[in-house]
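The values are calculated or read from the model by the stated rules, or taken from the named source; none is laboratory data. What you are looking at is a predicted structure, and each value in this text was computed from that prediction instead of being measured. When we count neighbours, we look across all protein chains shown, and the Cβ atoms used for this are built from the backbone with ideal geometry, even at glycine. The area values use the complete protein model at the heavy-atom level, side chains included, leaving out ligands, DNA and RNA. Shrake-Rupley method; radii C 1.70, N 1.55, O 1.52, S 1.80 Å.
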Amino acid sequence: MLDEGHRVLLWNDWMVRATGIDPQTALGSPIGALLGQAMDIKLDEAIDEAIACGRSSTLTARLDLGGLSAEQSKLISVQSVISGASSIDNVRRHCLIYVGMAEDTIDRQDASAAPSLIGTLAEVAQAAELYSSEKDLRAQNEWLSTLIDALPDLICFKDGNNRFLVANSSFIEFFRLGKVDYVNHDSRELGRLSSFYNQFVETWTRSDEEAWAAARSISFELTISLRDGGEKIFDIAKLPLFNQDGNRRGLVVIARDVTERKMAAARIHHLAHHDSLTGLPNRVLFQDRMRDALAQARRRGGMMALLLLDLDKFKEVNDTLGHHVGDLLLRAVAKRLGRCVRETDTVARLGGDEFAVLLTNLADADGASTVAETIIRSVAEPYGLDDNEVVCGISVGITIFPDDSQDAQSLLKNADLALYRSKNDGRGRYHFYVAEMDNEVQSRKAIERDLRHALVSDQLALYYQPLIDIQSGRTIGAEALIRWFHPQRGSIPPSLFIPVAERSELIFRLGRWVLQRACSQVREWNEAGLPQLQVSVNLSPAQFRHPDLLETIHTIVEQTGIDPRQLQLEITETIAMTNFEYSVEVLRELRKKGHTIAIDDFGTGYSSLSYLRHFPVDKLKIDRSFVVDLDLHPGNDAIVRAIVNLGHGIGAKVNVEGVETQEQLTFMRGLDCDECQGFFFSRPLPAADYVGLLAATKPWDLTGVPLAAASRRLRG
């Protein structure tokens with residue numbers, strides 16, 4: 001307790017322990033002189049504000065008291081509160097300094113390391129008795145009365161018989177005792193005087209006796225219902241005081257409103273365990289529920305199913321309609337999933353567009369397949385989102401406990417394998433886990449491991465398939481195609497290792513290797529005096545979206561010193577249409593550098609003709625499927641004719657892949673195609689064989705070369 005001059009009037013036991021300064025030395029001394037360098041300027045300002053303005057102020061400061069450890073000294077919270085006035089005519093203001101733990105550290109630190117407010121009030125009373133004269137005691141009682149009135153906590157004092165002596169204004173206002181004479185009444189009597197207080201009579205009476213019996217401070221939490229339907233949560237502490245002879249002296253009761261803190265903690269807990277977008281349980285909560293469900297299934301001998309779900313082509317929704325629509329779609333899907341399961345089941349969002357469903361108490365595996373079918377049908381129904389009609393499918397992988405595995409991690413792995421099979425088999429379907437899927441995973445892991453080694457051990461090579469000008473018969477370039485020759489497995493087809501690379505970071509390293517090797521080969525051909533040839537390189541979806549793509553291509557071209565026009569870059573129409581604006585920007589930058597842009601496998605994707613006219617594209621490559629089946633599917637000739645007209649209409653050349661017969665070649669020449677490639681001319685060749693083919697052949701006579709003659713030329 002301090003007076004207007006910051007002099008100490010009361011000095012409790014805790015301050016003695018903290019500073020090592022006894023009360024006889026402290027009383028009457030300026031607080032600044034006692035604490036010296038530990039006295040923070042913020043503390044001075046807080047004391048001045050409390051004394052001058054008559055209101056409480058709270059601050060957090062580092063008060064380095066000698067008796068505290070270094071860690072504790074960083075957690076000191078100093079609270080200054082107005083004390084009283086001796087009379088109306090002669091106003092004297094004082095303040096009490098309450099030192100405690102900072103609120104934001106209470107959960108992480110031992111709360112017992114800080115003095116409680118109860119102890120502070122009790123020790124103030126003890127200090128008043130031990131170190132003050134009778135006159136001072138009356139003044140101190142007056143100060144203490146004003147002090148507790150200024151505190152927001154509900155505070156009251158009782159005598160040894162649990163009768164009320166004094167209560168602060170917060171206590172009186174909350175329990176509606178303003179018109180009730182509460183002094184010298186116990187809790188039961190007060191309950192008869194106040195209907196609101198009567199709700200808590202039993203709790204108050206029982207806890208009073210518990211405090212006396214324990215002979216120490218007790219605390220408990222109490223939820224109090226309000227008239228408006230709300231509720232308040234209080235941390236209540238009761239501290240019994242005893243005379244020297246052991247008889248009851250009095251009881252201090254303090255109730256602190258912790259409603260907001262509890263609500264904030266509940267909100268934090270909810271956010272930590274639920275997805276903020278959909279409100280569904282997140283991965284953490286889902287795994288907790290899965291462990292509980294497994295434990296229950298083991299005890300009861302029941303069956304449980306885990307379903308992993310992944311939206312089909314969700315990224316295309318984000319890229320074409322924006323992330324806002326993507327978020328709306330995720331919320332809508334979450335609602336539909338909730339309607340497909342029972343209340344006892346769990347639907348969770350694990351992240352991105354991946355969801356999970358936990359089905360408990362199943363009679364058999366058919367129950368899981370029924371739910372999966374319901375989910376697939378429900379999710380496939382169109383969505384009206386932000387003036388857009390969105391259609392989205394979902395793929396499902398299912399695993400069963402206890403048939404497939406006994407632990408959570410294995411079940412998650414199994415469901416993921418089944419989901420992978422569903423997506424590979426065409427999406428919009430479900431698969432149960434089977435043991436053979438593990439072999440597939442091990443095979444993919446082996447390919448990924450060996451591919452990492454292949455990138456640094458000269459196992460990879462580029463083969464070149466000639467590009468032929470369909471009118472002049474000249475070889476004008478080649479398409480670079482990667483080949484892998486494994487020392488033990490032999491030749492591994494690209495269809496096997498490219499998808500593995502696409503699902504890992506290896507695709508970036510592999511793509512850079514292809515670009516580097518192709519450009520280096522072009523430089524060697526230039527230095528050898530060959531006619532200037534153009535080499536075409538395919539860009540994978542992941543490679544095209546990589547932020548370093550432009551810089552990588554620019555650096556490789558500069559290092560090899562080739563003409564940028566000698567490097568043609570091919571992307572599929574699906575890549576081009578995904579995130580249209582980004583694709584156009586990248587393609588324009590590549591064309592500015594002088595590179596030729598080709599759309600590969602044209603006709604197999606979902607290009608919008610209105611978008612296509614905005615693409616900076618130099619060439620359309622008709623997919624070989626239209627050419628190979630030309631005789632089997634008469635409608636293909638109309639499609640090919642339309643693509644040729646479309647390409648020429650937008651100012652692009654048209655390349656035809658997969659030409660294998662004279663009839664196909666003749667048909668394409670009749671449509672005025674610009675380029676062609678295929679086994680009719682040559683299979684992909686190593687660089688040396690490609691150069692040999694160029695040296696051995698003159699321009700192809702494409703007006704009537706029979707297939708047999710072409711084959712002999714190829715073998716020769």
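Would you say Leu481 is touching a Gly at 6+ places or on another chain (Cβ under 7 Å) and closer than 22 Å to Gln568 by Cβ?
No; evaluated as a whole, the condition is false for this residue.
One line per residue, one yes/no per condition, for (1) modelled with pLDDT of 90 or more; (2) in a helix (DSSP H, G or I):
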| position | (1), (2) |
| --- | --- |
| Glu448 | no, yes |
| His453 | yes, yes |
| Gln465 | yes, no |
| Glu479 | yes, no |
| Ile482 | yes, no |
| Ser495 | no, yes |
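Count of the range 499-540 residues, restricted to those that are under 39 Å from the mean Cα position of the chain (by Cα) and open to solvent by less than 50 Å² (accessible area, probe 1.4 Å), is 13.
Within the range 393-409, restricting attention to residues that are more than 15 Å from Leu358 (Cβ to Cβ) and of a type in the set (S, T, N, Q), the residue that is surrounded by the fewest Cβ atoms within 10 Å (Cβ to Cβ) is Gln406. Count of the range 467-477 residues, restricted to those that are part of a strand (DSSP E or B) and over 19 Å from Ile599 (Cα atoms), is 1. Taken over the range 515-546, the criterion of being in a helix (DSSP H, G or I), closer than 15 Å to Glu570 by Cα and at pLDDT below 95 is satisfied by Pro541, Ala542, Gln543, Phe544, Arg545. Within the range 147-201, the set of residues being open to solvent by 70 Å² or more (accessible area, probe 1.4 Å), in contact with a strand residue (DSSP E or B) (Cβ under 8 Å, 6 or more places away or on another chain) and modelled with pLDDT under 85 comprises Pro152, Gln199.
When Glu389, Glu354 are checked against the criterion of being loosely packed, with under 13 Cβ neighbours inside 10 Å and either at pLDDT 90 or above or farther than 18 Å from Pro281 by Cβ (or both), Glu389 stands alone in meeting it.
Do we find that Asp235 is surrounded by 13 or more Cβ atoms within 10 Å (Cβ to Cβ), on the phi < 0 side of the Ramachandran plot and touching a residue at least 40 places away in the same chain (Cβ under 8 Å) in this structure? Give the derivation first.
Numbers: surrounded by 13 or more Cβ atoms within 10 Å (Cβ to Cβ): yes; on the phi < 0 side of the Ramachandran plot: yes; touching a residue at least 40 places away in the same chain (Cβ under 8 Å): no.
No: the conditions fail for Asp235.
Quick check: anything in the range 314-331 in contact (Cβ under 8 Å) with a residue 24 or more places away in the chain, surrounded by 15 or more Cβ atoms within 10 Å (Cβ to Cβ) and among the small types (Gly, Ala, Ser)? No, the range 314-331 contains no residue that is in contact (Cβ under 8 Å) with a residue 24 or more places away in the chain, surrounded by 15 or more Cβ atoms within 10 Å (Cβ to Cβ) and among the small types (Gly, Ala, Ser). Out of Ala255, Ala332, Ala272, which single residue is closer than 30 Å to Ala213 by Cα and small (Gly, Ala, Ser)? Exactly one residue qualifies, and that residue is Ala255. Close contacts from the range 386-415, counting a first residue that is free of Cβ contacts under 8 Å to residues at least 12 places away in the same chain and a second that is open to solvent by 50 Å² or more (accessible area, probe 1.4 Å) and part of a loop (DSSP other than H, G, I, E, B), with Cβ to Cβ under 6 Å and a gap of 6+ residues or different chains, come to Glu389/Pro382; Val391/Pro382.
Output the qualifying pairs, or none if there are none: Cβ atoms under 9 angstrom, residues six or more apart or on different chains, first residue in the range 466-489 and on the phi > 0 side of the Ramachandran plot, second residue open to solvent by 40 Å² or more (accessible area, probe 1.4 Å) and part of a loop (DSSP other than H, G, I, E, B). Going by the 9 Å Cβ cut-off, the qualifying pairs are Gly473/Lys698; Gly473/Pro699; Gly473/Asp701; Gly473/Thr703.
Note on the range 212-329: enclosed helices (runs of 4 or more DSSP H) holding 2 or more residues that are closer than 26 Å to Val379 by Cα and charged (D, E, K, R) are 283-300, 314-321.
Applying the condition of being within 17 Å of the chain's Cα centre (by Cα) and of a type in the set (A, V, I, L, M) to the range 335-351 and asking which residue is modelled with the lowest pLDDT yields Leu350. Take Asp458 and decide whether it is open to solvent by 10 Å² or more (accessible area, probe 1.4 Å) and either assigned to a helix (DSSP H, G or I) or within 27 Å of Asp600 (Cα to Cα) (or both). So Asp458 fails the test. For the range 556-589, the candidate set comprises residues that are within 15 Å of Cys519 (Cβ to Cβ) and β-branched (Val, Ile, Thr); within that set, the residue that is nearest to the chain's Cα centre (by Cα) is Ile556. Would you call Arg289 open to solvent by 60 Å² or more (accessible area, probe 1.4 Å), modelled with pLDDT of 85 or more, basic (Lys, Arg) and under 28 Å from Ser410 (Cα atoms)? So Arg289 passes the test. Selection of first residues in the range 431-442 that are touching a residue at least 24 places away in the same chain (Cβ under 8 Å) and of second residues that are among the β-branched types (Val, Ile, Thr), restricted to Cβ pairs under 8 Å at least 6 apart or on distinct chains, gives the following pairs, ordered by first then second residue: His431/Val396; His431/Ile398; Phe432/Ile398; Phe432/Thr399; Phe432/Ile400; Tyr433/Ile398; Tyr433/Thr399; Tyr433/Ile400. Tell me yes or no: at least one residue of the range 425-436 is closer than 30 Å to Ser682 by Cβ, exposed (fewer than 14 other Cβ atoms within 10 Å of the Cβ) and either modelled with pLDDT of 90 or more or within 37 Å of the chain's Cα centre (by Cα) (or both). Looking for residues that are closer than 30 Å to Ser682 by Cβ, exposed (fewer than 14 other Cβ atoms within 10 Å of the Cβ) and either modelled with pLDDT of 90 or more or within 37 Å of the chain's Cα centre (by Cα) (or both), one finds none in the range 425-436, hence no. Of note, Ile476 does not satisfy the criterion of being open to solvent by 30 Å² or more (accessible area, probe 1.4 Å) and more than 30 Å from Phe667 (Cα to Cα). When you scan the range 335-343, do you find a residue that is outside any helix (DSSP H, G or I), touching a strand residue (DSSP E or B) at 6+ places or on another chain (Cβ under 7 Å) and open to solvent by 10 Å² or more (accessible area, probe 1.4 Å), even just one? The answer is yes, given that some residue of the range 335-343 is outside any helix (DSSP H, G or I), touching a strand residue (DSSP E or B) at 6+ places or on another chain (Cβ under 7 Å) and open to solvent by 10 Å² or more (accessible area, probe 1.4 Å). When every residue of the range 698-706 is checked against the conditions, at least one turns out to be open to solvent by less than 50 Å² (accessible area, probe 1.4 Å), within 19 Å of Leu533 (Cβ to Cβ), of a type in the set (Phe, Trp, Tyr) and modelled with pLDDT under 85.
Beta carbons closer than 8 Å, at least 6 apart along the sequence or on distinct chains, pair a first residue in the range 180-202 that is more than 14 Å from Ala167 (Cβ to Cβ) with a second that is open to solvent by 50 Å² or more (accessible area, probe 1.4 Å) and small (Gly, Ala, Ser) for Gln199/Ser225. Looking only at residues in the range 590-633 that are at pLDDT below 70, under 37 Å from the mean Cα position of the chain (by Cα) and part of a loop (DSSP other than H, G, I, E, B), the one that is surrounded by the most Cβ atoms within 10 Å (Cβ to Cβ) is Ser607.
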